[in-house]
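Down below is the structure, laid out as C-alpha cells.
Here, each number is a calculation from the coordinates, and none is a lab measurement. Source: prediction; values computed, not measured. Using ideal geometry, Cβ is built from the backbone for each residue, glycine included, and neighbour counts are taken over all protein chains shown.
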Amino acid sequence: MSVTHTRRHMAHANTDELFVCRQFSGQIALEQDGRHVVLGAGDITLIDPALPYEGRFSEASDVLLLKVPRRLMEARLGKTREMTARVIKPGMAESGLLSASLAMLPSHTDDLSQAAEALLEVHLLDLITLSVGRTMGQDRSRTSPSRALVRVELRAVIEARLADRTLDAGSVAGAAGVSVRYANAVLADENTSIVQLIQARRLARCRQALDDPLQGGRTVSEIAYGWGFSDMTHFGRRFKAAYGVLPSVHRRRVGPQH
C-alpha cells in the first residue's frame, strides 16, 4: 500500500499533532521534507501531518501510530521540522526503552485510569525527547551541526537532569558538547537561555505535580525540592510570575476537580 499526504490533505489534517510511528513487523518507507527513512521492527520515527509526506507499506506491515500534541513536543524539543523522517533505532538505552514502552502500549491503555494516563503521557514524552535528542546528536557527528540540533540536545540534557539541584549552565552546555556562550546564543532564537529554560521546565514539572491527585499527599515544598528548587521563597515568586498565583493557591483551586 502507498500513501500520499498532499497539501490538499494538509488543509484537513489536525496540525496540532505530531505522529510517532513505531514499527511492529514488515517495513514502511517514509519520505518527508527531503528525507527518506525505512522502518523495520522496533524502529521509530516522527512524521508531521502539517507537511507533505509519502509512505509505502510492505506486505504484512504492522505499525503503531501515536498522536502527540505538538505543543507538548515543542515545549521539550523546540521546532521539530528537522527531526521528522529520521530513524530512531532501539539500540541505545533511551530509544530501546521507548520502543519497548510503545510496544506494550496497545494492550494496556484500555484499562488505565485517567491519572495513570496523565503520568504515562509525561513518561512517554520524556522518552521521546531523549530518544530524538540522542538520534540527532548522532547525526551531528556525520554532518555539520545546525542550531536546531544543538537546541534538541540542550533540551534533552535539561529534561533528563531537572531534579539535580547542581544543574547549571556550564554542565548543560558541556553535556551537549558546546560552550555556554554558544548554547545561550542558540536558545536566544527562541527567546530563552539555559538558566531560563531550566527554571521554566522545573516550574512546569511542579505545576504538573500540583495538578496530580496521586501526589496530593506531598507538600508544596516537597514537590519544589524534588524538582530542583532549593529556596521556597524564590520558588513561590517564580511560580506566581509564570502562572499568576502562588503554588499553594493553585493547588487549592485544582483540588476540588479531583
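So what's the convex hull volume per residue for the Cα atoms of the stretch 75-125, in Å³? Hull volume over Cα atoms, normalised by residue count, gives 106 Å³. With only Cα atoms counted, the stretch 36-117 has Rg and Dmax values of 14.1, 38 Å. Between the C-alpha center of the stretch 189-232 and that of the stretch 1-51 there is a gap of 34 Å. Each listed q (0.14, 0.16, 0.26 Å⁻¹) maps to a log10 I(q)/I(0) for the stretch 195-258, found by the Debye formula over equal Cα scatterers with no solvent: -0.34, -0.44, -1.19. Comparing M1, S179, W227 along the charge dipole axis of the chain, the residue lying farthest to the positive side is S179, per the Cβ-charge model.
With viscosity set to 0.890 mPa s at 25 °C, what whole-number translational diffusion coefficient in µm²/s follows for the stretch 78-213 from Stokes-Einstein and a Kirkwood radius over Cα pairs? Answer, rounded: 152 µm²/s.
What's the long-distance tail for the stretch 2-160, i.e. % of Cα pairs beyond 30 Å? Working shown, then result.
Numbers: 1441 of 12561 pairs.
For the stretch 2-160, the share of Cα pairs beyond 30 Å comes to 11 percent.
Using a 10 angstrom cutoff on alpha carbons, build the Gaussian network for the chain and name the most mobile of D111, D211, D168. Among D111, D211, D168, the largest mean-square fluctuation in the Gaussian network model of the chain belongs to D111.
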